[in-house]
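**Student:** One structure, pasted below without further comment.
The values are calculated or read from the model by the stated rules, or taken from the named source; none is laboratory data. As the structure is a prediction and not an experimental result, all values here were calculated from the model. With ideal geometry, Cβ positions are generated from the backbone for all residues, glycine too; neighbour counts draw on all protein chains shown.
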Amino acid sequence: MTVPQLLLCLSLSMLCISSKPTEKKDRVHHDPQLSDKVHDDAQNFDYDHDAFLGADEAKTFDQLTPEESKERLG
């Protein structure tokens with residue numbers, strides 16, 4: 001490898017390393033709420049049930065016995 005080729009490779013690699021991304025990524029979740037219930041895991045898991053199953057399916061599971069719920073989720 002000649003000196004000009006080496007300098008070219010070095011300058012291109014420095015350009016790639018030092019360039020900043022042009023698009024700023026937003027790290028905040030802006031999608032609509034998964035449930036209209038309060039999200040407080042210390043009190044209950046209604047929000048999680050709605051988010052995971054959907055509101056209609058969560059209502060169905062609320063009416064089942066614990067054994068039936070486990071069987072259906074399995």
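**Student:** Taking the range 23-55 as the region of interest, how many residues are exposed (fewer than 10 other Cβ atoms within 10 Å of the Cβ) and either at pLDDT 85 or above or aliphatic (A, V, I, L, M) (or both)?
**Tutor:** Adding up the residues that qualify gives 3.
**Student:** Condition first: part of a helix (DSSP H, G or I) and among the hydroxyl-bearing types (Ser, Thr, Tyr). Now tell me which residues in the range 33-52 satisfy that.
**Tutor:** Tyr47 - this is the single residue of the range 33-52 that is part of a helix (DSSP H, G or I) and among the hydroxyl-bearing types (Ser, Thr, Tyr).
**Student:** Under 7 Å between Cβ atoms, which residue pairs at least 6 apart in sequence (or on different chains) link something in the range 46-58 that is over 15 Å from Ser69 (Cα atoms) with a partner that is loosely packed, with under 14 Cβ neighbours inside 10 Å?
**Tutor:** Tyr47/Val38
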